[in-house]
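Report on the structure given below.
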Amino acid sequence: MRRFLVTLMVSIPILAQTQTYKGEIVGKVVDAKTLEPAPFANIVVVEKENVGAASDIDGNFRIQNLDVGTYSLKVSAIGYESKVITNVVLTTGRATPLMIKLNEATIELKEVTVQASYFDRAQQMSMISANVLDRAEILRSPGSIQDVQRVVQSLPGVASSTDNINELIVRGGAPYENLTVMDYMEIPSINHYSNQFNSAGPINMVNADMIEDAQFSSGGFPVQYGDKTSSVLNLTVREGNRTKGFASKTGFNIAGVGTLAEGGFADGRGSYIISARNSLLELIDRVMGLSSLSLTAVPKYWDAQAKITYDLHPSHKLMFNLLYGDSRISIEGDPKEADEERKNLIDSSSVTSLSPITKQYAAGVSLRSLWGKEGYSVLTLYSVGTTLDQDIRENFTRRVRGGEGEVLDYKILNSRIVFSNHASESFAAAKYELFYQIHPQHELSAGAQIQTSQKWENDVYLVSDTLRYDLDRNGTYETGPVVIPPYSFRQQLGFGDASKYFLFVEDKWKITPQLKLTFGLRYDHFTYSGKGSPSPRASMSYQIVPSTSTVTFALGQYVQTQPFPYYGDRRNIGYNRRLDNLKANHYVLGYEHILNRGLKLSVEMYYKTYKNSVVSEDFVHSAVDTFWSDRNLAIGERRSYGLEFFVEQKQVGDFYGTLSVSLSKTQMKDPRIPPLVDWFASEYDYPVIVTALAGKVVKGTRQWFNEMPFFIKYPAYLLPFSDEMEISFKYRYQRGRPYTPQQFVAWQQTREGGVKWSKGAWISTDDHNGTRYPDYSRLDVQWISRFYFSSWNINAYVAIQNVFNTKNVFFESYRSDGTKETVYQFSFLPVAGLEVEF
C-alpha cells in the first residue's frame, strides 16, 4: 500500500505537465431574507479585470473559460449590500457551485464609503456568538480530516476532552447540550459510534463536499432553535449541479474511501447529489489482513448521503434528504497480552471483549414556498432512527507470567455478560416554519414541530455487584456482603407514546438602520416526563460605525429534556421518570470591528447559569460509605462565565487564518450533604483555550521548476509539486481537564469477576474535580497540491497530526490490584489522501 501511494504521488506531477486549463463557476444569487432570486446582480472576478457575469431573471449565473485556480468574487446588485466570496476553487473536473445570499441595503450615508463585505451577517443565525463556515473552509481546515465538527473546534468557546472523537464542549456545556440541524431536520447525531450522552464520534457521517455552509452558534441563539442549552450547528446541504447530467468526485483519506456523484435532470428543473463512503482501514484489512495494520481492532463502517431537489413551480421547491450510517467494531481482549510491570507472578484479572453495532438514519422531505418579496415558508416531514446492539463480556482469567511479563499459561475462571444494550429508537416529526416581513421595520418568524415516537424499544442490562466493608479498619469485614442488584431496564413505547413538541414566535424590529432588536418566545413540552417550559429570549445590535463597528447583546432562557437514560431505574419502578427539564440562562455581550479588508476582530463576554442538572443520589450522600442508590435528582446548579477573542482573516490574496483565545471558568455547586465546598470545578471546565490556524496558497511552483536547467527540472518531478499548492497549520493549547483523584483502599472490596474478593477498591476522594491532567498541546500541518488535466483533476494532500508527538493524557485507567495506567490521546499520525474529480 505504501509503495503504491509513493509511486502514485511521483507519477502525478509527470503526467500533469504545465498547461493552461479552463474551469467554470455556476451559481445563483438570492435575497438572504426571502430567498427570492436576485436578478441582474453583477459577479466580478477580483483577480481578473473585466471578467465576470450577471445573474439572469431567475438569479442564475455562469462564468466560463476561466483559468483553473483559486479566486475571489465580488457580488453587487441594486438595493443590496455588496459582498466578497473568497476561496473559490476552479477545477477542470467539475463546475464550482455557489449559492450567494445578498443582504438588503439599509444604510445610506453620504459621508461613509461602503465597501464590499467579506463577512456576511445575513447568513448568521443570530446577532451574536455566531459564525458561518463555507464548504471550502471545511475541506481545507488542517487537522480536521474534512470533519465539520472538528473544524468547529477551532472556534472560540469550544473545547474537547479527547482527540479520539469530534466532541464539542461549548462554553462549559455538556456534549449532549448541542443541537444539530441538517436541512431543517433535527438529528441527534451525525457521527459514527455515538451514544445518548455524547452525540460526538470518531468519524462524521456527513460528506463535507455536500455542505453548502455550516452555521454555528455558541450561545444566545434565537427561539427557532431549542431543546438544547449550549449550541446549535445548522448544516445546509448543497444542491447538485443542474448544468451537467453527471459529474463525480472519488477519493480516499483516513476517514474512508468514497465517491460523490451529482447532476441535473428534467431540463434543469431538478438536481441530485449522492455520496457513499466505506472505512479505508476495513478495505486494507480485507486485502492485507489485520496484522499489517498493527491494530487490535479495525473500525468497520459505511455511510451514504443524498439530496434530490425538484422545482414544482418557480416559487415551490421540493427537497428530499437522506443520511445513513452503519458502524461496527470488534474489540477482543487478549488473555496472552504481556505486561512488563507484572513479571514472574500469578495474577487474576478481567479480559473484556465487546462488539458494538450501530445503525442510524435520517430521512425527510421539505417543501419550500416563496411568498414574493415578503418571505418564505418550509414544511418538513422527517424521520430519524437508531439501532444499537452491544454486549460486553468479561472473562475473569488467571494468568501465569514469566520474567518479561509474558503470559506462560492462563485459565478462564468465569465468563459473564457485564453490560448489554439492545435498542431500537425512532421518531417521526412534522415541522412548519414561516419567515415573513409584515412591515418594513418588522420581520416575523413563527413555527411549530411535533415529534413523536415511532418505535422505541430499549433493553439495558448491567451486572450486579457485591461489596463488603471493614469500617473500623481492623482487618475484619463486618459489613457485607452488600449486593447491588443488576440494572435491568426494559422499555417499549409505540407510536405516539412519547412526544416532544414546540412552538415559537419571534419579531425582528429594525428601529433605525443602525439599531435592531429581536424578541422571541418559545414553548417546549415532553409528554413522557410531563414537563414543559417557556423560553423567552431577546437580543440587540447597534452599529456604532456603519459596516465597521457593532456592539451586540443577547439574553434568554434555554430548556432541554434530560438524556433519555436518566429517566430509567434498576427496578423499573419509574421514580426517575418525572425529572425536571434542564434550564440555562444566557447573557452575552459582544463587540465586532472590521480592521481591514477581510480582517475582523470579535470580543465577547458571557455568563451562563444552569439549574436542574442531574445529580445521582449516590453522590449527594457520598459521605456515607455504604450508601447506594440509583435515583437521579434534578437539583444540580452550574455556572460558566468567560471572555473570548477571535481574529479572522478571510483569504485576501493568498493568505488566510484565525486566532481564537478563550478564557473561562465553569463551576458546579456542591450538592453533597453536608457540602464540603461552595463550588467545585465542573468536568467541562477548560479555563484557557488557544487555537491558531493559518494557511497560504502557493502558485507557480511547477512552472518555476520547468524553467530551471534540466538537472533541476527533471529530478523535481520526483516531488509532488503543482502550480497550485496550499500549506497550512493548526496549533491548539488547552488547560488540562479536571478530574477527581482516586484512592486505593483495603477496607472496601468487590467481588472480582464474581469469583474472588479484590485486594481493595478505588474510591473517589472528597476533592471532587480538584486535580487536572497535564495541559494539552498539539500542532497539525497540512499540504495540498492540485493537478489539472484537460477534463479532470487530482487533489493530493498529506497531513501530519501531532507533529511533535506530544503525549496528551486521555485518562487514568485504575486496576483492581491498586495499580493504574495512563491512557494517551492521538500520537504522531501522518495522513495521506487523494481525490479525483471529473
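Please find, within region 555-574, the residue that is nearest to the chain's Cα centre (by Cα) out of those that are of a type in the set (S, T, Y) and within 20 Å of W456 (Cβ to Cβ).
Of region 555-574, the ones of a type in the set (S, T, Y) are 558, 561, 566-567.
Next cut, within 20 Å of W456 (Cβ to Cβ) only: 561, 566-567.
Details: T561: 20, Y566: 23, Y567: 26 Å.
If we take residues in region 555-574 being of a type in the set (S, T, Y) and within 20 Å of W456 (Cβ to Cβ), then T561 is nearest to the chain's Cα centre (by Cα).
When residues of region 467-499 are filtered for being modelled with pLDDT of 80 or more, of a type outside the set (A, V, I, L, M) and more than 28 Å from G530 (Cβ to Cβ), how many remain?
The number of residues fulfilling the criteria is 11.
Residues of region 724-751 being farther than 30 Å from G818 by Cα, open to solvent by 50 Å² or more (accessible area, probe 1.4 Å) and either in contact with a Leu (Cβ under 8 Å, 6 or more places away or on another chain) or not aromatic (F, W, Y) (or both), which ones?
The answer is I727, F729, Y731.
If you check L582 against the conditions, is it open to solvent by 40 Å² or more (accessible area, probe 1.4 Å) and among the hydrophobic types (A, V, I, L, M, F, W, C)? Full working, then the answer.
Working: open to solvent by 40 Å² or more (accessible area, probe 1.4 Å): no; among the hydrophobic types (A, V, I, L, M, F, W, C): yes.
So L582 does not fit the description; no.
How about region 361-371: which of its residues are open to solvent by 30 Å² or more (accessible area, probe 1.4 Å), more than 13 Å from Y324 (Cβ to Cβ) and not aliphatic (A, V, I, L, M)?
R368, W371
Only one residue in S758, S728, S764 is of a type in the set (G, A, S), touching a helix residue (DSSP H, G or I) at 6+ places or on another chain (Cβ under 8 Å) and in contact (Cβ under 8 Å) with a residue 40 or more places away in the chain. Which one? Talk me through it step by step, then tell me what you get.
On the way: S758 fails: touching a helix residue (DSSP H, G or I) at 6+ places or on another chain (Cβ under 8 Å); S764 fails: touching a helix residue (DSSP H, G or I) at 6+ places or on another chain (Cβ under 8 Å).
Going through S758, S728, S764 in turn, just one is of a type in the set (G, A, S), touching a helix residue (DSSP H, G or I) at 6+ places or on another chain (Cβ under 8 Å) and in contact (Cβ under 8 Å) with a residue 40 or more places away in the chain: S728.
Please go through region 770-804 and pick out each residue that is among the polar types (S, T, N, Q) and crowded, with 16+ Cβ neighbours inside 10 Å.
Step one: list which residues in region 770-804 are among the polar types (S, T, N, Q), which gives 771, 777, 782, 785, 790-791, 793, 795, 801-802.
Hits for region 770-804 are Q782, S785, N793, N795, Q801, N802.
How about region 539-562: which of its residues are more than 20 Å from T518 (Cα to Cα) and crowded, with 17+ Cβ neighbours inside 10 Å? Break it down into steps so the answer makes sense when it comes.
Applying the first criterion (more than 20 Å from T518 (Cα to Cα)) to region 539-562 yields 545, 548, 560-562.
Matches in region 539-562: Q560, T561, Q562.
Just to be sure, is Y714 open to solvent by 60 Å² or more (accessible area, probe 1.4 Å) and either more than 35 Å from the chain's Cα centre (by Cα) or touching a residue at least 24 places away in the same chain (Cβ under 8 Å) (or both)? Can you show your working first?
Working: open to solvent by 60 Å² or more (accessible area, probe 1.4 Å): yes; either more than 35 Å from the chain's Cα centre (by Cα) or touching a residue at least 24 places away in the same chain (Cβ under 8 Å) (or both): yes.
Spelling it out, Y714 is indeed open to solvent by 60 Å² or more (accessible area, probe 1.4 Å) and either more than 35 Å from the chain's Cα centre (by Cα) or touching a residue at least 24 places away in the same chain (Cβ under 8 Å) (or both).
Checking the structure you have, find out if any residue of region 262-276 is open to solvent by less than 60 Å² (accessible area, probe 1.4 Å), closer than 21 Å to V798 by Cβ and at pLDDT below 95. Before the answer, list the steps.
Here is the first cut: in region 262-276, the ones open to solvent by less than 60 Å² (accessible area, probe 1.4 Å) are 262-264, 266, 268, 270-273, 275-276.
Add one more test, that the residue is closer than 21 Å to V798 by Cβ, and what stays is none.
No; the residues of region 262-276 include none that is open to solvent by less than 60 Å² (accessible area, probe 1.4 Å), closer than 21 Å to V798 by Cβ and at pLDDT below 95.
How about region 655-707: which of its residues are among the aromatic types (F, W, Y) and surrounded by fewer than 22 Cβ atoms within 10 Å (Cβ to Cβ)?
Quick first cut of region 655-707, residues among the aromatic types (F, W, Y) only: 655-656, 679-680, 684, 686, 704-705.
Hits for region 655-707 are F655, W679, F680, W704, F705.
Somewhere in region 618-628, is a residue open to solvent by less than 50 Å² (accessible area, probe 1.4 Å) and in a strand (DSSP E or B)?
Checked region 618-628: no residue is open to solvent by less than 50 Å² (accessible area, probe 1.4 Å) and in a strand (DSSP E or B).
For region 488-506: of the residues being open to solvent by less than 40 Å² (accessible area, probe 1.4 Å) and farther than 20 Å from T387 by Cα, which is farthest from the chain's Cα centre (by Cα)?
E506
Is it the case that region 23-30 has a residue that's out of contact with any Cys (no Cβ under 6 Å at 6 or more places or on another chain) and in a loop (DSSP other than H, G, I, E, B)?
Initial filter on region 23-30 (out of contact with any Cys (no Cβ under 6 Å at 6 or more places or on another chain)): 23-30.
The next check asks that each one be in a loop (DSSP other than H, G, I, E, B); those that pass are none.
Checking region 23-30: not a single residue is out of contact with any Cys (no Cβ under 6 Å at 6 or more places or on another chain) and in a loop (DSSP other than H, G, I, E, B).
Return the residues of region 134-152 that are hydrophobic (A, V, I, L, M, F, W, C) and either assigned to a loop (DSSP other than H, G, I, E, B) or open to solvent by 20 Å² or more (accessible area, probe 1.4 Å) (or both); say none if nothing qualifies. Before you say what the answer is, go through the steps one by one.
The first filter runs over region 134-152 and keeps only residues hydrophobic (A, V, I, L, M, F, W, C), leaving 136, 138-139, 145, 148, 151-152.
Within region 134-152, A136, L139, I145 meet the criteria.
Determine which member of the set V831, V823 is open to solvent by 30 Å² or more (accessible area, probe 1.4 Å), aliphatic (A, V, I, L, M), out of contact with any helix residue (DSSP H, G or I) (no Cβ under 6 Å at 6 or more places or on another chain) and outside any loop (DSSP other than H, G, I, E, B). Quick ask: steps written out before the conclusion?
On the way: V831 fails: open to solvent by 30 Å² or more (accessible area, probe 1.4 Å).
On inspection, the qualifying residue turns out to be V823.
Which of the residues spanning region 315-340 are over 23 Å from the mean Cα position of the chain (by Cα) and open to solvent by less than 50 Å² (accessible area, probe 1.4 Å)?
Listed by number, the residues that qualify are S315, K317, M319, G333, P335, D339.
Scan region 227-246 and report the pairs whose first residue is more than 26 Å from G27 (Cβ to Cβ) and whose second residue is of a type in the set (D, E) and open to solvent by 10 Å² or more (accessible area, probe 1.4 Å), with Cβ atoms within less than 6 Å and a gap of 6+ or a chain change.
Qualifying pairs under 6 Å: D227/D524.
Within the bounds of region 638-654, is there any residue that is open to solvent by 60 Å² or more (accessible area, probe 1.4 Å), β-branched (V, I, T) and not in a loop (DSSP other than H, G, I, E, B)?
No - not one qualifying residue is present in region 638-654.
Contact list please: Cβ distance under 8 Å, first residue in region 621-645 and under 30 Å from A692 (Cβ atoms), second residue surrounded by fewer than 17 Cβ atoms within 10 Å (Cβ to Cβ) and among the polar types (S, T, N, Q), pairs at least six apart or on different chains.
From region 621-645, the pairs are R638/T609; R639/T609.
Return the residues of region 61-115 that are of a type in the set (K, R), open to solvent by 30 Å² or more (accessible area, probe 1.4 Å), modelled with pLDDT of 85 or more and more than 23 Å from F246 (Cα to Cα); say none if nothing qualifies. Quick ask: steps written out before the conclusion?
First pass over region 61-115, keeping only residues of a type in the set (K, R): 62, 74, 83, 94, 101, 110.
With the extra rule that they be open to solvent by 30 Å² or more (accessible area, probe 1.4 Å), the set shrinks to 62, 74, 101, 110.
Then drop every residue that is not modelled with pLDDT of 85 or more, which leaves 62, 74, 101.
If the condition is that a residue be of a type in the set (K, R), open to solvent by 30 Å² or more (accessible area, probe 1.4 Å), modelled with pLDDT of 85 or more and more than 23 Å from F246 (Cα to Cα), then K74, K101 are the ones that fit.
Please enumerate the residues belonging to region 780-829 that are of a type in the set (V, I, T) and over 28 Å from K699 (Cα atoms).
T806, V809, T819, T822, V823
Scanning for something more than 28 Å from R570 (Cα to Cα), at pLDDT 90 or above and crowded, with 19+ Cβ neighbours inside 10 Å, does region 380-388 turn up at least one residue? Can you show your working first?
Quick first cut of region 380-388, residues more than 28 Å from R570 (Cα to Cα) only: 380-383.
Next, from what is left, pick out any that are at pLDDT 90 or above: 380-383.
This time we only want the ones that are crowded, with 19+ Cβ neighbours inside 10 Å, so: 380, 382.
Yes, region 380-388 contains a residue that is more than 28 Å from R570 (Cα to Cα), at pLDDT 90 or above and crowded, with 19+ Cβ neighbours inside 10 Å.
What are the residues in region 521-535 that are within 20 Å of G220 (Cβ to Cβ) and over 27 Å from the mean Cα position of the chain (by Cα), if any?
Start the filter on region 521-535 by keeping residues that are within 20 Å of G220 (Cβ to Cβ), which leaves 521-524, 533-535.
Of everything in region 521-535, those that are within 20 Å of G220 (Cβ to Cβ) and over 27 Å from the mean Cα position of the chain (by Cα) turn out to be L521, S533, P534.
For residues in region 723-754 being in contact with a Lys or Arg (Cβ under 9 Å, 6 or more places away or on another chain) and outside any strand (DSSP E or B), which is farthest from I794 (Cα to Cα)?
Going through the qualifying residues, I end up with W747.
Does D227 satisfy the criteria of being within 30 Å of Q560 (Cβ to Cβ), part of a loop (DSSP other than H, G, I, E, B) and not hydrophobic (A, V, I, L, M, F, W, C)?
yes
State the number of residues belonging to region 341-360 that are over 26 Å from G325 (Cβ atoms), of a type in the set (K, R) and either assigned to a strand (DSSP E or B) or open to solvent by less than 20 Å² (accessible area, probe 1.4 Å) (or both). Working first, answer last.
Kept after step one, since they are over 26 Å from G325 (Cβ atoms), are these residues of region 341-360: 341-351.
If we keep only those that are of a type in the set (K, R) too, we end up with 342-343.
Then drop every residue that is not either assigned to a strand (DSSP E or B) or open to solvent by less than 20 Å² (accessible area, probe 1.4 Å) (or both), which leaves none.
Counting residues in region 341-360 that are over 26 Å from G325 (Cβ atoms), of a type in the set (K, R) and either assigned to a strand (DSSP E or B) or open to solvent by less than 20 Å² (accessible area, probe 1.4 Å) (or both) gives 0.
Counting only residues that are touching a residue at least 40 places away in the same chain (Cβ under 8 Å), open to solvent by 70 Å² or more (accessible area, probe 1.4 Å) and basic (K, R), how many does region 395-421 have?
Qualifying residue count, region 395-421: 1.
Only one of these conditions is not met by R473: (1) more than 44 Å from the chain's Cα centre (by Cα); (2) among the basic types (K, R); (3) surrounded by 14 or more Cβ atoms within 10 Å (Cβ to Cβ). Which number is it?
(3)
The values are calculated or read from the model by the stated rules, or taken from the named source; none is laboratory data. Please read all numbers here as calculations on a predicted model, not as lab measurements. Neighbour counts run over all protein chains shown; Cβ positions are idealised from the backbone, glycine included. Protein only, heavy atoms only, side chains kept; ligands, DNA and RNA dropped before computing areas. Shrake-Rupley method; radii C 1.70, N 1.55, O 1.52, S 1.80 Å.
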